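What follows is a short report on a single structure.
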Amino acid sequence: FSVLQKAVDAAGGKEGLQKVTPRCNAQMALAIRHAIFVGWADRVARRITVSEMVREESGTTTMRRKRRYKTLLSSQVCSVRSPVSRNRPEWVTYTTLQEGRTGNINMECVTEVHPSWLTDFHLDKL
């Protein structure tokens, strides 16, 4: 009992245990991202590499094209306009694809996917 009491006291007492810590926030965010992925596992896209961009865009690359992704199931090239794209994750999941005014396809409601999650659905082999 004394070890438990020391842990409670070190956390700031009962009030401290009820507060959300930054580490707890990160764990919750990871769990939420994983849950979103499980629900939308059929809507996964991989970031296009520079060599793929050069092949597809006839040798021209720009900063905007670094935010391009290719969907796994339909192999459609899409853009991301989301705070998630700042980190440029290798894998993302999305809810919908929307055609923009200029004809570009944009992913909406984008969430970063951890590569190890893909093995559960055998998406790493696609």
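The values are calculated or read from the model by the stated rules, or taken from the named source; none is laboratory data. What you see is a predicted model; the values in this text were computed from it and never measured. In this analysis, Cβ positions are derived from the backbone assuming ideal geometry, glycine residues included, and neighbour counts consider all displayed protein chains. In case anyone asks, the SASA skips ligands and DNA or RNA and just uses the protein heavy atoms, side chains included. Shrake-Rupley method; radii C 1.70, N 1.55, O 1.52, S 1.80 Å.
Please go through region 70-102 and pick out each residue that is within 22 Å of residue 50 (Cα to Cα) and open to solvent by 40 Å² or more (accessible area, probe 1.4 Å). Across region 70-102, the qualifying residues are 70, 73, 74, 75, 76, 77, 81, 83, 86, 87, 88, 90.
When only residues in region 107-116 that are open to solvent by less than 30 Å² (accessible area, probe 1.4 Å) and not in a loop (DSSP other than H, G, I, E, B) count, which is nearest to residue 48 (Cα to Cα)? Among those residues, the one meeting the criterion is 107. Within region 21-54, being at pLDDT below 75, open to solvent by less than 70 Å² (accessible area, probe 1.4 Å) and either in a helix (DSSP H, G or I) or at positive phi (or both) holds for 24, 51, 52, 53, 54. With the checklist (1) over 25 Å from residue 109 (Cβ atoms); (2) modelled with pLDDT of 80 or more in hand, flag the one item residue 60 doesn't pass. Here residue 60 meets the rest and fails (2).
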